[in-house]
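**Student:** This is the structure I want to talk about, given as structure tokens.
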Amino acid sequence: MADKEEVKLYLRIDGVEEGPLTVAEVKEWIDEGKFHRTDYLRTEDTKAWVKAENLVHLKALFDEAREKRERGAFASWLEAVREGRPAMVLSTVGRAEEEKRIAEEREALAQERAELEEQEKQVREQLESGIAEREEDLKRLEKEREEERQRLTAERDEEVKRLAAEREAERARLIAQYEKELQTAQEERDSEVTRLASERERLDAERTRLAEEEAELASMGKTIRRRRRLPLIISAIIVGVLLAVTIPSYYFFIYKPRQELQDRLTKISALEKRIASLTDQLEEALRAGDVAKAEEIAEEIEKARIEKEKLAEEVPEERMPTSRGKAKLAGLLRAEGPGAEDSARSGGAITSGLSGGMGGVRSTYSRELGRNPGLEGHVIVSIKVAANGSVTNAHVVSSTIGNSAVESAVTAAARRARFRPAGGDTSLTYKFDFSP
């Protein structure tokens, strides 16, 4: 037994090694609360530390010591309550644990506060960054808006200048054309006057010659015999008849037809100028969206074109003023809708309905070709035709000519077209060709 009691033990409490101790001393440490279940123990001849609560020999000692401490603490607490002393007194270990807990909570609170401050800082930085970006976006948008306004203003000014230049060029061209036509008409009139004066001189010379011959015949009649009077009288009668026939024939068959032809050519030229002027008015009305005025102008153009065609029927083709370029109806590309199968919507019927408005198209193309000699291509339009034959809508589908005036004239001609009634509404796609 003495040998067993003399066994030396070593304790490790909170990382600090204590010993050597005897078994009795270890029991005292347990009773006094210096050595706990969670501390470690080893013998002198071993190096391995063993947790105290894992040793069966020490469990009863720990339980007994705990009961003694709890009984002692409860008795001390009751006594303190009876004597009026503070009822809540922490043990050394409890105080240490409470202080540790409070320190941990304080550290956790400090860490949480630091995290909150960091989050607040990040949120503030994000808000400041967002505000700065918003201000930058506003500045950029304002700059872009100002640049766009300046660009649109510049484009508008350029367009106004271009239109003014085109109008001035067209005015100069029309003045030059009018002066040229006037000069040509004056030259033709002067030439005709000169020719008529020459013809009158010839007739006067012929009349003088005939008078001389009559005088000669009269003088000869005094000397010739009676038998020759009859032939002379007959000759005089023939000469008189010839003179009576020649002068009126020249007036009715030469002079008057030429004068009438010149009058027709003058009227045709005036009608072409009127058609060109009305076409410009039609384009302005279409650009302004005034459909009623556009239709009224289109009717005036059609009347002028019909009058011009009537006058042109009585003018030889070689004397007709030539127009520039060819504008023709290329043909129907597609017909769709309830009335598409009706014969009134066949290719020939559609071409016939559109041909009435080609005068304005040809006049516009001729004018634009004078400005741009290389102007050519085609225009494809979509035409909505109601069952009663009226056009409800027309617009350009595609165009390779690249000229808004010609495209507007084609659209206007399509809108003025009138067709025979059919079995329902029809959507037509038609092609117009233009070549110099």
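**Student:** What number of residues within segment 386-413 satisfy the criterion of being touching a helix residue (DSSP H, G or I) at 6+ places or on another chain (Cβ under 7 Å) and under 22 Å from E336 (Cβ atoms)?
**Tutor:** Qualifying residue count, segment 386-413: 7.
**Student:** Got at least one residue in segment 1-12 being out of contact with any Asp or Glu (no Cβ under 9 Å at 6 or more places or on another chain) and of a type in the set (A, V, I, L, M, F, W, C)?
**Tutor:** Yes, there is a match, as at least one residue in segment 1-12 is out of contact with any Asp or Glu (no Cβ under 9 Å at 6 or more places or on another chain) and of a type in the set (A, V, I, L, M, F, W, C).
**Student:** Next question. Quick one: T43 ticks every box in (1) outside the structural domain of T22 (by TED's automatic domain parsing); (2) of a type in the set (S, T, Y); (3) at pLDDT 85 or above except a single one, so which number is it?
**Tutor:** (1)
**Student:** Assess whether A154 counts as being of a type in the set (A, V, I, L, M) and at pLDDT below 90.
**Tutor:** Against the criterion (of a type in the set (A, V, I, L, M) and at pLDDT below 90), A154 does not qualify.
**Student:** Pairs please, first residue from segment 390-412 and closer than 18 Å to A330 by Cβ and in contact (Cβ under 8 Å) with a residue 12 or more places away in the chain, second anywhere and in a strand (DSSP E or B) and among the polar types (S, T, N, Q), Cβ atoms under 6 Å, 6+ apart in sequence or on different chains.
**Tutor:** Matching pairs, first to second residue: H395/S382; V397/S382; E407/S399.
**Student:** Residues to consider are G424, G377, G353, G359; find the one that is within 25 Å of the chain's Cα centre (by Cα) and in contact (Cβ under 8 Å) with a residue 40 or more places away in the chain.
**Tutor:** None of the others qualify; the one that does is G377.
**Student:** In addition: Identify, please: which residue in segment 314-338 is at pLDDT 85 or above and in contact with a Lys or Arg (Cβ under 7 Å, 6 or more places away or on another chain) and is, among those, surrounded by the most Cβ atoms within 10 Å (Cβ to Cβ)?
**Tutor:** Only one residue fits best here, namely A327.
**Student:** Kindly indicate whether any position in segment 100-118 is surrounded by 10 or more Cβ atoms within 10 Å (Cβ to Cβ), over 18 Å from L11 (Cβ atoms) and either modelled with pLDDT under 80 or in contact with a Cys (Cβ under 6 Å, 6 or more places away or on another chain) (or both).
**Tutor:** Yes, because at least one residue in segment 100-118 is surrounded by 10 or more Cβ atoms within 10 Å (Cβ to Cβ), over 18 Å from L11 (Cβ atoms) and either modelled with pLDDT under 80 or in contact with a Cys (Cβ under 6 Å, 6 or more places away or on another chain) (or both).
**Student:** Take the conditions of a type in the set (D, E, K, R), touching a residue at least 60 places away in the same chain (Cβ under 8 Å) and surrounded by fewer than 16 Cβ atoms within 10 Å (Cβ to Cβ) and apply them to E341. Does it pass?
**Tutor:** Here the answer is yes, as E341 does meet what is asked.
The values are calculated or read from the model by the stated rules, or taken from the named source; none is laboratory data. In this text, all values refer to a predicted model and were calculated from it rather than measured experimentally. Note that we place each Cβ from the backbone using ideal geometry, even for glycine, and neighbour counts take in every protein chain shown.
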